[in-house]
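The values are calculated or read from the model by the stated rules, or taken from the named source; none is laboratory data. Just so we're clear, the structure is a prediction, and the values are computed from it rather than from any experiment. All Cβ positions, even for glycine, are placed from backbone atoms using ideal geometry, and neighbour counts span all protein chains on display. Each accessible area value is taken on the protein alone, full model and side chains, heavy atoms only, with ligands, DNA and RNA left out. Shrake-Rupley method; radii C 1.70, N 1.55, O 1.52, S 1.80 Å.
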Amino acid sequence: MKRILVCALAALMTIAAFGQTKKIPQRLEISQVEVNDGAVELEVFVMPVGEEKHYYLSVGTVGIGDDLFQLNIDPVSELFVYLGNSLAETLESFEQMKALYKTELGTSIQMPGCLSVAWPHEEKMEPVTITFRKPLISKMLEFSVDRGRYLSATFIGKGDLGALITGVKLYKKIHPKEK
């Protein structure tokens, strides 16, 4: 009787293991910068999807409000910006962002992105507007998603973006075979 129960239990365990086909995507960090004493975390990471690799920039949590006032009430959702399928495309995307610092105030570009929890979902991609702002003395990029009645936005300073770019370039030197 014990053999029959053990065999039945083993068969049930193998059947249950086959039901686990959906995997949690991997999020492999390339470069990371902590802003405001660790309150905000900026990260460049790669997500392998089959044979392809997708590179993303996480600009952290976003606030809800308008152009002037942002209230941070969602500490879980992150804004992800799609950078490309290779390190070369990633660096090219960063150069587009970096070029905004040399333009007039209010100049903006759009890139695909996603506002979600833990990792980006390709089916939920929407345009993310990246706008050059200069509050007081500092130069910043505003990453925003327009939700109709309100705007979800966060800001990255010029030095923080430069640190992320330096981290990606260093990663590229360390891993020359990676495209």
Find the accessible area per residue for the stretch 131-172; the probe is 1.4 Å, ligands and nucleic acids are left out, and the unit is Å². 52 Å²
At 7 Å along the Cα-to-beta-carbon direction for both Asp74 and Glu92, put a label point, then send me their distance in nm to one decimal. 3.1 nm
Tell me, what is the per residue accessible area of the stretch 69-121 in Å², probe radius 1.4 Å? 52 Å²
Summing -39500 (n - 2.57) over every DSSP H run of at least 4 residues in the chain and dividing by its residue count gives a helix-only mean residue ellipticity at 222 nm, to the nearest 500 deg cm²/dmol, of -8500 deg cm²/dmol
Hey, which lysines would be in cross-link range of Lys98, C-alpha to C-alpha under 28 Å, not counting anything within fewer than 8 residues on its own chain? Lys53, Lys124, Lys134, Lys139, Lys158, Lys169, Lys172, Lys173, Lys177, Lys179
Could you pull the accessible area for Asp74 with a 1.4 Å probe, rounded to 10 Å²? 60 Å²
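Counting only protein heavy atoms, what percent of the accessible surface of the chain is carbon or sulfur at a 1.4 Å probe? Before the final figure, lay out the partial values.
Numbers: 6690 of 11400 Å².
Carbon-and-sulfur percentage of accessible area, whole number: 59.
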Specify the residue with the greatest mean-square fluctuation among Gln32, Gln110, Gln96, computed from a Gaussian network of the chain linking alpha-carbon atoms under 10 Å apart. Gln96
